[in-house]
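Structure record follows, encoded as structure tokens.
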Amino acid sequence: MYLEEIISNLSNYWQRLGLTILPAYDMEVGAGTMAPFTFFGVLSNKDAKFCYVQPSRRPTDGRYGENPNRVFKHHQLQVIIKPSPVNIQDIYIESLASIGIDCKVHDIKFIEDNWESPTLGAWGVGWEVWLDGMEITQFTYFQQAGGINLLTSAVEITYGLERIAMYIQNKDSVYDIEIGKNVSYSDLRQEEEIEYSIYSLEEASIERLIALFELYLSEGKFCIEKGLIFPAFDYALKCSHTFNLLDSRGALSVTERARFIGRIRELSKSTAELFKRKEANE
Amino acid sequence: MSKDLLIEIGVEELPSSYMDELFELLSSSFSSFLNESYIRRDRDEVFLTPRRIIFMAREVADRQEIPENEIKGPPKTVALSEDGKPTQALIKFLERCNSERWYIKSTPQGEYVFSSLKQKNLETKEIIERDFPHFLLSLPYSKKMIWEEFTFIRPIRWIVSLLGGELINLNICGVKSGRTSKGLRGYPEIFIENASNYEALMEKNRIIISRSKRREMIRENLTHYKESILNENVNRSEYPICVNGKFSEEFLALPNPIISAVLAGSLKCFPLEDENKNLRNEFILVMDGPRDEEIVRKGYEKVVTARLKDAVYFLKVDRKKELSERISELSNIVFIGNLGTIAQKVERMKMLAPIFSGIVDNDKLTMAIELSKADLTTKVVYEFPELQGIMGKIYALNEGIDEDIANSLYEHYLPVYEGDPIPKDDLSRILSIIDKTDTFIGILSEGIEVTGSYDPFGLRRTVSGLIRIFLSTYIPIKLNDLLNSSIKAYNKINSLEFDESFFKKVVSFLSQRLKNILNTFLKYDTVNAIINEDLENPYILKMKGEVIEKERGDLSFKTLCESHTRINNILKGAEFKEEFKEELLKEKFEIDLYKTYSGIRDAYIQEKDFKEKIKILYGLNESITAFFDNVLVITQDLNIRNNRLSLLKQIKEFFCNFADFSKIVI
């Protein structure tokens, strides 16, 4: 099964269950959770039912296209449902059947693994799902977002697409994954990985990145003052990615790191609070 | 007719790390719940699997059995009028008891009216339906979450509750009880007809509800194992099946601890050893339920191989940089809370080194301190934190660093748990003492109050380890010096300010732990006798304690204890000005006492062996007894009285150099 089929099979499965398939969010994010569909989806009083593939960038994981498991950019298939269906575990297990994984022959375990995003002021309780010892999915019930306690918990299911493809296609390296017919992961991604690794681990200008961080943060705060939630959140994302780059350059001491995270969290929190205020007035 | 009670709460996977604590909590609470509900049963049990919390009670009575409660009413004189008629007070009392019966009983306070409170005995089914949901949801779980709008440990997805064959209607967190339980993933549902054959039926469906049975299923496949990994697997499976896996022999070139860490780490596989205790390229994994063994084995082998490959890479990268080059990077690693970085910790530790000069080579100690945390910056330790120290030693030996120093990089973490060995040589022991003292003072300065279950940084463990090292060998330093230097180091390196009360807190915490540990091998009164407000070196305390235990049956020892008590008693009530003049000694027996005392004092101080020291003290027994038999201490002459009391006080203080013998219970 090609990676493209894994994506379409899973998407079709969730679409049939009534989820809306969305395009990926068009900004750099560290995880699918950071897309506004999820962040505001879990905060909102309304129901949420979305599914999307989100490319996620983790500058510190860049390995110059050499490591078989770790990459600067990987892809998550993200499912967010609120309120969570009572049989959500069964529904999830069933989704694996759509990509040829039969729970009767495999050892599937739900291992405690709680999730936290300090920059979003968000955390959840959940599991990583193991398929014969390999983590293929993060399964989370949101407890808090933007520092706000959630009264109705959303469930988030994040499939690690590269991992799953490697497993299904029996590949030892991410670069051997077949994305589609005659298109391999290395064809499409290896050069990109090498350059991003050089950039984020060696070349990125610390000075300019710090300046950018400050600019993004001010612009974000400015958006809050103007009551513009979504643009403000975009700048929180920009801050977060810039921070990740600085981190991968080893530019931040421990205390500085904590301070940067704290400042992004403040912006995320303001955004979340503004969102809730607006919603209450509607 | 008595029946079995079954309540199975089906949940999404419980955290395996929480199962032991949860089991304790539920077992004791469920018993109390049944007791407080007056539900008689033969026995009650709780079972846990990752997906089930199971409450069982055998041979349960149909109805509760509330004992009649005798209730004391007003005094007879109030309850009855003079002509023996019930007063308003009695009538009110009977109303309260829901009873018409009353009788008079005499009590130490006089005659009183009594009645018995009658309550209706409800059916067991009714009680469970009424009270169980609240009982289950109100326990103090330390792990909880919200889903939909409910709160519990993890989401509740099904409930089976039966009393015998009868359904008990429960509704907990939006889930209604029924008779259908879930099987293993991919296996059919299980219909439960009667509570009494539940366990057997589940077993037939390959769900082993008993943790000890699951444990045995895994253990019988192992020749040796780590308890924590076994336990974790018991808590991760409902029907554990052991499967053998393999990895390529080339990875055996990795240091054994790394291979074990990869296997045991998050995967919780069991490494296998050959006859010489070297690792083989094989392991045992535990899968949950009958699955396709070949597929599962291949999956695990793939994960293990990928991680071993990572480890090879990390090791290669780590070896490009020597430990000494890593010291400066420690400023990027936070120690604990607000206590700065590991680099600062190392700086503080260096400040404690001079205390031990003369015991170990100071240059060696300083180098060991500097390198002690350097491996925290390596990739291997970053990936496998449990290898801290172990990797330090491996890298140090590889770099050709002095073997004693290399060993100390690992040994100084010991002992972590009770039963762990003590570091083998002086250098490691002292490095460990310095490290643990710094951690102890730091955590305490954070103001964390350690309670029964709350000890986030393992303060008790740290301090116990510290004491156990001091107990193992005589390390001739003063504990006060060590603690004060550590406090000064925090002040200098982290600019923390401390007041007087902090030092008291330090001493009291340490004394309490010390007392607990001494109590494990000495009688409690021995411990009370040897411990005093001054922090003495634990090794000295141990020696004193052991001598006392040995001497306890001896007549001289008993006399010594009595003498000490007699002196205490006479000093207790007396107010006097302490001033002793030899020329004021008048009577023979007080002169005798003084002479004996001055005669042995120097010998006592010079003697180093506590077995001999106590014998020297026995030398005073006779004179003290003679003194008390013949000399009147409380005389009219105030000067003489003062003088005699002062002499006794000196002797008492002299005894206390060894112990407060008055605290020994003869």
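The values are calculated or read from the model by the stated rules, or taken from the named source; none is laboratory data. Keep in mind that this is a model prediction, so the values were computed, not measured. Glycine also receives a Cβ, built like all others from the backbone with ideal geometry; neighbour counts cover every protein chain displayed.
Checking each residue in the range B:17-33 for being surrounded by 17 or more Cβ atoms within 10 Å (Cβ to Cβ) and within 14 Å of another protein chain (Cβ to nearest Cβ) picks out B:Tyr18, B:Met19, B:Leu22.
I'd like the full set of residues that are closer than 24 Å to B:Leu387 by Cα and either surrounded by 22 or more Cβ atoms within 10 Å (Cβ to Cβ) or facing another protein chain (nearest Cβ under 7 Å) (or both), limited to the range B:282-301. Of everything in the range B:282-301, those that are closer than 24 Å to B:Leu387 by Cα and either surrounded by 22 or more Cβ atoms within 10 Å (Cβ to Cβ) or facing another protein chain (nearest Cβ under 7 Å) (or both) turn out to be B:Phe283, B:Leu285, B:Val286, B:Tyr300.
Right, B:Leu80: in contact with a Phe, Trp or Tyr (Cβ under 9 Å, 6 or more places away or on another chain) and either in the same structural domain as B:Asp20 (by TED's automatic domain parsing) or surrounded by 12 or more Cβ atoms within 10 Å (Cβ to Cβ) (or both) or not?
No; evaluated as a whole, the condition is false for this residue.
Only one residue in B:Leu617, B:Leu645 is in contact with a helix residue (DSSP H, G or I) (Cβ under 9 Å, 6 or more places away or on another chain), closer than 30 Å to B:Glu546 by Cα and either in contact (Cβ under 8 Å) with a residue 60 or more places away in the chain or buried (at least 19 other Cβ atoms within 10 Å of the Cβ) (or both). Which one? Talk me through it step by step, then tell me what you get.
Details: B:Leu645 fails: closer than 30 Å to B:Glu546 by Cα.
Every option except B:Leu617 fails the conditions.
Number of residues in the range A:110-153 that are within 20 Å of A:Ile93 (Cα to Cα), more than 10 Å from chain B (Cβ to nearest Cβ) and surrounded by fewer than 18 Cβ atoms within 10 Å (Cβ to Cβ) equals 0.
Farther than 30 Å from A:Gln89 by Cβ, in contact (Cβ under 8 Å) with a residue 12 or more places away in the chain, in a helix (DSSP H, G or I) and under 19 Å from the mean Cα position of the chain (by Cα): which single residue out of A:Cys239, A:Cys223 fits that description?
Details: A:Cys223 fails: under 19 Å from the mean Cα position of the chain (by Cα).
From the options A:Cys239, A:Cys223, the qualifying one is A:Cys239.
Filtering the range B:34-56 to residues that are surrounded by 21 or more Cβ atoms within 10 Å (Cβ to Cβ) and farther than 30 Å from A:Tyr92 by Cα leaves B:Leu34, B:Ile39, B:Met56.
Among the candidates B:Leu522, B:Leu483, which residue alone is outside the structural domain of B:Asp438 (by TED's automatic domain parsing) and under 27 Å from the mean Cα position of the chain (by Cα)?
Values: B:Leu483 fails: outside the structural domain of B:Asp438 (by TED's automatic domain parsing).
None of the others qualify; the one that does is B:Leu522.
Residue check: B:Gly265 meets all listed conditions (1) free of Cβ contacts under 8 Å to residues at least 24 places away in the same chain; (2) surrounded by fewer than 20 Cβ atoms within 10 Å (Cβ to Cβ); (3) under 33 Å from the mean Cα position of the chain (by Cα) but one, namely (1).
Is at least one residue of the range A:20-30 within 12 Å of chain B (Cβ to nearest Cβ) and either among the hydroxyl-bearing types (Ser, Thr, Tyr) or in a helix (DSSP H, G or I) (or both)?
If we filter the range A:20-30 for residues that are within 12 Å of chain B (Cβ to nearest Cβ), which is where we start, we get none.
Scanning the range A:20-30 turns up no residue that is within 12 Å of chain B (Cβ to nearest Cβ) and either among the hydroxyl-bearing types (Ser, Thr, Tyr) or in a helix (DSSP H, G or I) (or both).
Screening the range B:79-183 for strands (runs of 3 or more DSSP E) wholly inside it with 3 or more residues that are in contact with a strand residue (DSSP E or B) (Cβ under 6 Å, 6 or more places away or on another chain) and without any contact (Cβ under 8 Å) to a residue 12 or more places away in the chain returns the ranges B:145-147. Inspect the range A:67-74 for any residue being farther than 27 Å from A:Glu192 by Cβ, in contact (Cβ under 8 Å) with a residue 24 or more places away in the chain, of a type outside the set (Asp, Glu) and not in a loop (DSSP other than H, G, I, E, B) and give the result as yes or no. Within the range A:67-74 (the criterion being farther than 27 Å from A:Glu192 by Cβ, in contact (Cβ under 8 Å) with a residue 24 or more places away in the chain, of a type outside the set (Asp, Glu) and not in a loop (DSSP other than H, G, I, E, B)), the answer is no, since none of the residues qualifies.
Being farther than 26 Å from B:Ile146 by Cα, touching a residue at least 40 places away in the same chain (Cβ under 8 Å) and in contact with a helix residue (DSSP H, G or I) (Cβ under 9 Å, 6 or more places away or on another chain) is not true of A:Ile157. For the range B:498-544, taking the residues that are in contact with a helix residue (DSSP H, G or I) (Cβ under 9 Å, 6 or more places away or on another chain) and of a type in the set (Asp, Glu), the one that is farthest from B:Ser445 (Cα to Cα) is identified as B:Asp525. Working only within the range B:533-557, note down all residues that are surrounded by fewer than 14 Cβ atoms within 10 Å (Cβ to Cβ) and not in a helix (DSSP H, G or I). Once the filter is applied, which keeps residues that are surrounded by fewer than 14 Cβ atoms within 10 Å (Cβ to Cβ) and not in a helix (DSSP H, G or I), the range B:533-557 yields B:Glu533, B:Asp534, B:Gly553, B:Asp554.
For B:Phe457, are the conditions met, namely being within 25 Å of B:Gly340 (Cα to Cα) and assigned to a loop (DSSP other than H, G, I, E, B)? Write out each step before concluding.
Values: within 25 Å of B:Gly340 (Cα to Cα): yes; assigned to a loop (DSSP other than H, G, I, E, B): yes.
The answer is yes for B:Phe457.
When B:Glu347, B:Glu325 are screened for being part of a helix (DSSP H, G or I), of a type in the set (Asp, Glu), closer than 19 Å to B:Ile405 by Cα and free of Cβ contacts under 8 Å to residues at least 24 places away in the same chain, only B:Glu325 passes. In the set (1) at pLDDT 95 or above; (2) more than 10 Å from every other protein chain (Cβ to nearest Cβ); (3) in contact with a Ser or Thr (Cβ under 9 Å, 6 or more places away or on another chain), the condition left unmet by A:Ile91 is number (3). If we scan the range A:187-209, do we find a residue that is in a helix (DSSP H, G or I), of a type in the set (Gly, Ala, Ser) and surrounded by fewer than 16 Cβ atoms within 10 Å (Cβ to Cβ)? No, the conditions are met nowhere in the range A:187-209. Return the pair list, or none, for Cβ contacts closer than 7 Å from residues in the range B:551-565 that are more than 14 Å from B:Ala529 (Cβ to Cβ) and not assigned by TED's automatic domain parsing to the domain that holds B:Ser623 to residues that are surrounded by fewer than 21 Cβ atoms within 10 Å (Cβ to Cβ) and at pLDDT below 95, at least 6 apart or on different chains. Note: no pairs meet the criteria.
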